[in-house]
1. Could you work out, for segment 134-232, what percent of all Cα-Cα pairs fall into each 5 Å distance bin, beginning at 0 Å and stopping at the bin that holds the largest distance?
2. Across every pair of different alpha-carbon atoms, what Kirkwood hydrodynamic radius in Å does segment 13-89 reach?
3. Need one number: convex hull volume per residue for segment 24-138, Cα atoms only, in Å³.
4. In vacuo Debye scattering of the chain, one point per C-alpha: log10 I(q)/I(0) at q = 0.11, 0.12, 0.13, 0.17 Å⁻¹?
5. Taking other Cβ within 10 Å of each residue's Cβ, how do F101, F96 sort, fewest first?
6. What distance in nm lies between label points placed 7 Å from Cα along the C-beta direction at E77 and D220?
7. Please work out how much length the chain gains when fully extended from S98 to V119, using 0.36 nm per residue of separation minus the C-alpha to C-alpha distance, in nm with one decimal.
8. I'd like the distance separating the alpha-carbon centroids of segment 47-117 and segment 194-224, in whole Å.
Amino acid sequence: MYKDKKILAVIPARGGSKRLPGKNIKKLNGRPMISYTITAALSSNYIDRVVVSTDDIKIAGISKRYGAEVPFIRPAELAADTARPEHVLQHAVEFFSSRGFNADPIVLIQPTSPLISTVDIDGAINKFFKTKAGSCIGVCEIRERPEWMYQIKAKKPVLLLSGSGTQKRSQELSNLYKINGAVYVIARDVLMKKNKVIDDNSDIFIMPRERSVDVDELIDFKLAEAILRSNR
């Protein structure tokens, strides 16, 4: 299936991380965190090449050790806090295109989602092709309801959604989903011509909450660690 397509997976992993320093290679249950996403991507039935885009030599070395390609070191301007993910992906796509590998689609997999499985990656790719979407984005169901959220205005709590029904039980509310940041499958034209990761024709792939942990802070890291240990 999809043999006529060349599918490139890009794992963006810059060296700088302010909230959790060195998180991409921080040992998670004895392995560098980035190794989990590399392993999941390499096991895909559809991905042709798994590439880590990094500005950090140490991350590059570890990524190669776990089987990823690291054919370039990401330019400093694409590793700053202000760098856009689409620009990081475009850099990788252009690098390979100049060498005769014209990828379409491009799969973005975040190293901060170490619980993602190959099932999730291949499921998102399948959904992308079956729905002919511009992109397919990993999401998970939320428990934190916007109907119950407050914002502070003039030092007073005000419902975020006016008249949103705080008296309703959770069972009475429709399911809502959020982007979990784990996986994005993007059509080449959407990325390269529209300069987007998500367009008006995007679809979603629903992932379970236990595989949707996005490691941003220490508490997220601890949660991922606990889930991994419970799955042994």
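Read-outs: derived from the displayed coordinates by stated rules, not from any lab. None of the values given here were measured: they were computed from a predicted structure. Here Cβ is always computed from backbone atoms with ideal geometry, including for glycine, and neighbour counts include all displayed protein chains.
1. 2, 11, 14, 14, 15, 17, 15, 9, 3, 1
2. The answer is 13.0 Å.
3. Spelled out: Cα convex hull of segment 24-138, divided by residues, is 112 Å³.
4. So the normalised log intensities are -0.60, -0.70, -0.81, -1.25.
5. F101, F96
6. Distance between label points: 2.8 nm.
7. Net length gain for the segment: 4.4 nm.
8. 17 Å
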